[in-house]
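Notes follow once the structure below has been shown.
The values are calculated or read from the model by the stated rules, or taken from the named source; none is laboratory data. Predicted, not measured: the structure shown is a model, and the values here were computed from it. Positions of Cβ are backbone-derived with ideal geometry, glycine not excepted, and every protein chain shown enters the neighbour counts.
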Amino acid sequence: MLNLQAINIELLKQGHEPTFEELYKSAYNALFFFSFQYIDEKPDAENLVQETFLSLWTNKESINCSSSNSLRAWLYSTLKNKCLNYLSKENSKQQFNSYQKNRHQADMLLLGQMDISQVTFDEIERLLQGAISVMPEQCRRVFQMSRFDYLSNKEIADKLNISAKAVEANMTRALKLVRIHLKDYLPIAALIGLI
Amino acid sequence: MDKTTIWQLVTNQFPTKKHHKLMKDVLQSPQLLAQYQELKKLWSLSAAENTLSEPEVNIKYQQFKKNYQSINVKNNWLGSFSKYAAMVVIMLSVAYGLWVNHTEKPTSMTVTYFESGTGSNNSIKLADGSQIWLNSNSSINIQEQSNKHIEIQLVGEALFDIIHNEKRQFTVNTEDLKIRDLGTRFTVKSYPNDAQITATLVEGEIEVSNHKIHETLSPGEKITYTKTNGKYVIAAVDTTYVGSWKKDKFEFIDKTLKDIAKDLENYYGVNIQFENTQLGNERFTGVIQKRTSIEKVMDIISYSAGIQYSMKETKNSIEIMIK
């Protein structure tokens, strides 16, 4: 899941280029993953992402974002609209067969209704937090270091002063707990990279 | 259809045929479609896979910055980035009336410039339906004069699919060679750092010339011109894979590793060295998807060609050493 908590939004608004660079690098893959689910042509899917970044850079002073969550919502909403425009333009222009047209229409409907408010992500996070809260302490620490601090097993082992094997065992246990907790939310479990 | 099947559909886990069949069912049932859309929404927001490695994202950012700056400099740019990634299009439409014959429309000249950065290839369609694909790190300047004369300046590599028009002249100028088209499909490769310029004809007829040469190519022929001594050879080639770069594939047909390295350098913006220069002359044949990361491409080549390589990322570039 795209996490922009490390981004200093105030600096970004002031046009601080290194901050923008950091944002670009943390968000590129997530945004491309999104557009490529809807746009089949890879160069076009990439281009919509580049346009989204360009749009952010040109409007940086005026964007109405105060938190990393609203910045994330801004990026996805902008990209979503670009995808929608692209699909409606392409679908009327090119010679697609009826199957492709139907698929595009289903995607356009989906994108048109998609409300990328904070709620979507908050919900995902709330579910994850719920799963974490039932974990035993060591298990939880290992899980958080791995998923949120992006530490490697070896780094975690060094920090907690335990063996790499113990880290692995705790991770397996944590994932199992998350899966049980989220069993009704199969896609959400995959969403946070657990399946 | 159960939720798991829809989930697998969303995450692309079926072969194409089965995927199509299931998708048709989904599209026909409002309930299934609603479930499909819910799951697809979550999946698309999940960022579950990283398409590009960290160094590749760095390269993308450098491109973004470069394009952004070039847009800033040329303050007469149109809208946003134009149709394709890493491509800048500037169109100047100058109408200069040569009102000699008042019944004729004024002669107008259009100049179109576009370029593609590292790791991308772009295409442009001319008014008459002719199409030009540009490979990575290439640029093209098109001067159109009232459809009577099209003159192109090319740096890099491009594939031309030109609709024949007897009343119009179509010329591609490269560093040393002039290629005149007589209604055809052909590629021209002329990168400044390459020692040679090549042109391969797939269909139709082209004329290749400079102050010394004047040759006409038939389909399936390729001319290779060496810049330093002005010598050239014309040979028959297999044109099956000509222009396969525009399809997001690398074509390596009996190519030396040295030449392959050049193609990879152009596309990925990496730097490739040979520890043992002899290795550069080894030949290799294969087609690789461009969606693949540079690491994967190197893995495939090193596995197939039986070579070793190491990769090192410095601040602005990726260095690859082939052993």
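List, please: which pairs have Cβ atoms under 7 Å, are six or more places apart or on different chains, and start with a residue in the range A:133-146 that is over 16 Å from residue A:162 (Cα atoms) and end with one that is assigned to a helix (DSSP H, G or I) and of a type outside the set (Phe, Trp, Tyr)?
Listed by first residue and then by second, the contacts come to A:134/A:177; A:134/A:181; A:135/A:174; A:135/A:177.
Within the range A:50-57, is there a residue that is modelled with pLDDT of 85 or more and not in a helix (DSSP H, G or I)?
So far as the range A:50-57 goes, no, none of its residues is modelled with pLDDT of 85 or more and not in a helix (DSSP H, G or I).
Kindly list the number of the only condition in (1) on the phi > 0 side of the Ramachandran plot; (2) surrounded by fewer than 19 Cβ atoms within 10 Å (Cβ to Cβ) that fails for residue B:276.
(1)
Looking at (1) within 9 Å of chain B (Cβ to nearest Cβ); (2) assigned to a helix (DSSP H, G or I); (3) under 19 Å from residue B:49 (Cα atoms); (4) not β-branched (Val, Ile, Thr), can you tell me which one residue A:2 breaks?
With (1) within 9 Å of chain B (Cβ to nearest Cβ); (2) assigned to a helix (DSSP H, G or I); (3) under 19 Å from residue B:49 (Cα atoms); (4) not β-branched (Val, Ile, Thr) applied to residue A:2, the lone miss is (2).
Going through A:35, A:98, A:66, A:70 one at a time, which residue ends up being among the hydroxyl-bearing types (Ser, Thr, Tyr), free of Cβ contacts under 8 Å to residues at least 24 places away in the same chain and not assigned by TED's automatic domain parsing to the domain that holds residue A:147?
Result of the check over A:35, A:98, A:66, A:70: A:98.
Are any residues in the range B:36-58 surrounded by fewer than 18 Cβ atoms within 10 Å (Cβ to Cβ) and under 22 Å from residue A:100 (Cα atoms), and if so, which ones?
Scanning the range B:36-58 gives a single hit, B:38.
Would you pick out the residues in the range A:48-71 that are more than 13 Å from every other protein chain (Cβ to nearest Cβ), more than 15 Å from the chain's Cα centre (by Cα) and not small (Gly, Ala, Ser)?
Matches in the range A:48-71: A:61, A:63, A:64, A:65.
For residues in the range B:211-252 being modelled with pLDDT of 80 or more and of a type in the set (D, E, K, R), which is farthest from the chain's Cα centre (by Cα)?
Going through the qualifying residues, I end up with B:212.
Would you mind finding the one in A:19, A:78 that is in contact with a helix residue (DSSP H, G or I) (Cβ under 7 Å, 6 or more places away or on another chain), within 15 Å of residue A:116 (Cβ to Cβ) and in a helix (DSSP H, G or I)?
The unique qualifying residue is A:78.
Just one of A:31, A:84 is part of a helix (DSSP H, G or I), modelled with pLDDT of 90 or more and more than 12 Å from every other protein chain (Cβ to nearest Cβ); which is it?
None of the others qualify; the one that does is A:84.
Any idea how many residues of the range B:5-49 are assigned to a helix (DSSP H, G or I) and facing chain A (nearest Cβ under 7 Å)?
Number satisfying all stated conditions: 13.
Among the residues of the range A:34-49, which ones are assigned to a loop (DSSP other than H, G, I, E, B) and of a type in the set (A, V, I, L, M)?
Within the range A:34-49, A:39 is the sole residue that qualifies.
Of the numbered conditions (1) modelled with pLDDT of 85 or more; (2) within 13 Å of chain B (Cβ to nearest Cβ), residue A:97 satisfies every one except a single condition; which is it?
Checking residue A:97 against (1) modelled with pLDDT of 85 or more; (2) within 13 Å of chain B (Cβ to nearest Cβ), the one that fails is (1).
A quick yes/no check of all residues on (1) over 30 Å from residue B:17 (Cα atoms); (2) modelled with pLDDT of 90 or more; (3) in contact with an Asp or Glu (Cβ under 7 Å, 6 or more places away or on another chain):
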| position | (1), (2), (3) |
| --- | --- |
| A:24 | yes, yes, no |
| A:42 | no, no, yes |
| A:59 | yes, no, no |
| A:93 | no, no, no |
| A:103 | no, no, no |
| A:114 | no, no, no |
| A:117 | yes, no, no |
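Output the strands (runs of 3 or more DSSP E) that fall wholly within the range B:137-252 and possess 1 or more residues being small (Gly, Ala, Ser) and within 30 Å of residue B:63 (Cα to Cα), or say none.
B:138-145, B:149-161, B:185-190, B:196-203
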